Each structure stands twice: as C-alpha cells, then as structure tokens.
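Novice: The structure's right below; bear with me while I get my questions together.
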Amino acid sequence: MTRTVREALAEGHPTISFEFMPPKTAEDERRIWTTIRELEPLQPSFVSVTYGAGGSTRDNTISVVEKIAHDTTLLPVAHLTAVNHSVAELRSIIGRFADAGIVNMLALRGDPPGDVEGEWVKHPEGVQYASELVELLRAHGQFCIGVAAFPYKHPRSASIEADTAQFVAKCRAGADYAITQMFFDADDYLRLRDRVAAAGCDVPIIPSLMPVTTMRTVARSEQLSGAPFPPALLQRFEAVADDPKAVRELGIASAIELAQRLLREGAPGLHFVTFNYSRATREVMAELTLPARAA
Ligand code: FAD
C-alpha cells in the first residue's frame, strides 16, 4: 500500500515537504531531476508537483509524479486544478492517477489562465469551487486529499470570516489536510490556524515557506503571499539591498527564524516552495533540528 500524507501527519512530528513545478523545456527537465536528486537525501515526508494552466505542462505534471513514484524513494503528491476541465475530464485524470498508484492529491480550483487576477470562469461542464473537486476525489474512494489555505485570506474572499467559513466547508467536503500559500510573517499563519480551530475544524494546516534569495522576491511578496512584505523585515532587507550576497544571507537566516518559530508553535509540518532549485531549501534544512521521522 502506498503511504499517505494523512499517515505521515498522524505520526505526530512535523512533516517536511518540497514543492516542484512541472518542466516546460529540456533545460527545466534537467534541472527538476537534479533538484529532486539533491533533495532526496533529506528524506522529506512527501514532495508535491504543481498543475499548470494548460497544455503540455499538465501532462508533464502527471509524468513527473509517475516518475517520482516509480524511480525515487519519494512520496509524490499531485496538484490538480479545475481550470478548463469538464467533470468528465477531471474523472479521467483522477482515474489515470489512480491507475498509476498515486493516492495523494492536492485539490485546487486554480486561477484563471493568463491573468491570475482576471475573472474566474468555470468550465461549462466543470466545477465552480475546489470543494467540488474534493468531492469528486472522495467519491473515487482511495485518495488522501489536501486543499489550499490562505493565511491572509484568498484575494477573492469578501472577508476573513467568509474565507474561514468556505475553507472549513472545503475541509468538511473531505480534505485530510491543507497547505498554505507561502507567507513571511508567522503571525498570519497562527491567526489562520486559530480562526479555523475556533470554527471547530481540526484539519492540519501545513505552512508553506520560500527563502528570499534576491530583492525580486521581496518586491513580488504581494503576488506570492497575498500580503505586503512584513515592514520590520523589509527594513532589514532594504538596509542590505545593494549587496546581493548579504540579501541572500538574510533571506536564509530569516527563513530559518520563520521555520523555527513555526515548529515551536506546533505547526504540523513545513512545506518548502523550491521553484525547482535545491540550495536555499538545503541551507535552511541544515539549520533545523527535527525529530527523527519514519522513512
Ligand atoms: P477555492 O477553495 O475554490 O476558493 C476560491 C474562492 O472561492 C475563495 O475566495 C473561496 O473563499 C471562495 N469559495 C469557496 N467555496 C465557496 C462557496 N461555496 N461559495 C462562495 N465562495 C466560495 N494553482 C494552480 O493553478 N496550480 C497549482 O498547482 C496550484 N497549487 C497551489 C498550492 C497551494 C498550497 C496553494 C495555496 C495554491 C495553489 N494554487 C495553484 C493556486 C490556487 O489554485 C488559487 O489560489 C485559486 O485561486 C484558489 O484555489 P482554491 O483551491 O483555494 O479555491
């Protein structure tokens, strides 16, 4: 039997996971496999592969996930979105994953292709919300299902309260766990966790993080995390902005601080967004003291 993320979380010590993107070019293909091989010795609890907006990258998600399952020691989680898929197509993709022995899925609505801030238009025979994708996967019977959570609320949610209620409903549709959008301020994550717990939902919420390695990440913070970069941390980066080496060092140090705080606060795991590079993740991991995990 393939192991599930649910089982890894139930062991009671923090899961470690790494997120990859499907390759688009031959160079991407070479890099993702180099990165996977460099991160494999860290024995993550699972790794996940994102699902593209369309075309060949979607097939690449499926083939990378299959190859991880068959050719590595890693446990893959396949992201799946509802964008531009009818329910019949979603069922067929779900069947393909099941046939390949993939049991861990992250169910997402996805963003409108091209312009993430554009109007979301459901496929005429598709689903409107991720919760319906959770239900489709659950109906299949064999999946361990993750969903997305947003510490700073999803940009389309009318309010924090509505966001929390819809997140809890999505979990109740059959989610086993959630992974957050990346963030740079631990308090945003802790407030989300408190809101969800206050609503009576105990689904484990795994925080995502990505070490800053250049000032470009700081500038893109709002796009990446949905929140302004934390002002006190921004000041520390601005003080060294002209020195790329110092920016990188501060980025790694602040990611270590964030990871250590999250672990102290009892986060159920740490999910590293890698953009298919391993070095920053390895540097942060080298400084974390983690309890031994089952192989
Ligand atoms: P939903 O849960 O459907 O929520 C979307 C909006 O609808 C929210 O505002 C929600 O509050 C609202 N809502 C939900 N249910 C209802 C309801 N019943 N009534 C009214 N409003 C409702 N995108 C990709 O394209 N590929 C990926 O691989 C990918 N991976 C991701 C991984 C993680 C960890 C995260 C956090 C995001 C990822 N995304 C990915 C981005 C994600 O698809 C988008 O952020 C998308 O806009 C929201 O997806 P969702 O699954 O949270 O949607």
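The values are calculated or read from the model by the stated rules, or taken from the named source; none is laboratory data. Small disclaimer: the values here were computed from a predicted structure and weren't measured. Note: ideal-geometry Cβ built from the backbone for every residue, glycine included; neighbour counts use all protein chains shown. Accessible surface is based on the protein model in full, side chains and every heavy atom, while ligands, DNA and RNA are left aside. Shrake-Rupley method; radii C 1.70, N 1.55, O 1.52, S 1.80 Å.
Novice: Ser48's amide H: which non-local residues (gap 5+, or another chain) put their own amide H closer than 5 Å, with H modeled 1.01 Å from N in plane and none for Pro or chain starts?
Specialist: Residues meeting the criterion, in which the H sits 1.01 Å from N, are Phe18, Glu19, Phe20, Val77.
Novice: I'd like the distance between the alpha-carbon centres of segment 104-158 and segment 1-73, rounded to an integer number of Å.
Specialist: 20 Å
Novice: What Rg and what Dmax come out for the chain when only alpha-carbon atoms are used, in angstroms?
Specialist: Every Cα atom of the chain included, Rg and Dmax give 18.3, 54 Å.
Novice: While we're looking at this one, here's another question. Say a site is exposed when it is one of the GluC sites (Glu not before Pro), sits in a DSSP loop, and has at most 10 other Cβ atoms within 10 Å; what is then the longest site-free stretch of the chain?
Specialist: Here the longest run is 120-295.
Novice: Averaged per residue, what accessible surface does the chain expose to a 1.4 Å probe, in Å²?
Specialist: 46 Å²
Novice: Follow-up question, since we're still on this one. With viscosity set to 0.890 mPa s and temperature to 25 °C, compute the Stokes-Einstein D of segment 10-124, Rh being the Kirkwood radius across alpha carbon pairs; µm²/s, no decimals.
Specialist: The Stokes-Einstein estimate is 163 µm²/s.
Novice: Using the Kirkwood radius over C-alpha pairs as Rh, can you work out the diffusion coefficient of segment 92-187 via Stokes-Einstein at 37 °C, viscosity 0.692 mPa s, in µm² per second?
Specialist: 226 µm²/s
Novice: Short version: ³J(HN,Hα) in whole Hz for each residue of segment 65-77, in order, from phi by Karplus 6.51 cos²θ - 1.76 cosθ + 1.60 (θ = phi - 60°), x for Gly and Pro, what are they?
Specialist: 4, 4, 5, 4, 4, 8, 10, 10, 8, 8, 9, x, 10
Novice: Counting each DSSP H run of 4 or more residues in the chain as -39500 (n - 2.57), what helix-only mean residue ellipticity at 222 nm follows after dividing by all residues, to the nearest 500 deg cm²/dmol?
Specialist: One gets -13500 deg cm²/dmol as the mean residue ellipticity at 222 nm.
Novice: Now for a separate question. Under 19 Å Cα-Cα from Lys153, which lysines qualify once same-chain neighbours fewer than 8 residues away are excluded?
Specialist: Lys170
Novice: Search the structure for amide H atoms under 5 Å from the amide H of Asn104, placed 1.01 Å from N in the peptide plane, and list their residues when 5 or more places away or on another chain.
Specialist: Counting only residues 5 or more places away or on other chains, the set is Ala78, Cys144.
Novice: Given H placed on each backbone N at 1.01 Å, which residues far from Gly269 in sequence or on other chains put an amide H within less than 5 Å of it?
Specialist: Thr15
Novice: Could you tell me what percent of the accessible area of the chain is made up of carbon and sulfur, with a 1.4 Å probe and every protein chain present?
Specialist: Carbon with sulfur: 52 percent of the solvent-accessible area.
Novice: Something else now. Can you run phi through the Karplus equation (6.51, -1.76, 1.60; θ = phi - 60°) for segment 269-280 and list ³J(HN,Hα) in whole Hz, with x for Gly and Pro?
Specialist: Using θ = phi - 60°, the values come out as x, 9, 10, 8, 7, 9, 6, 6, 10, 9, 4, 4 Hz.
Novice: Same structure again: In terms of Cα to Cα distance under 18 Å, which lysines are near enough to Lys67, apart from those fewer than 8 places away along the same chain?
Specialist: Cα-Cα hits under 18 Å: Lys24.
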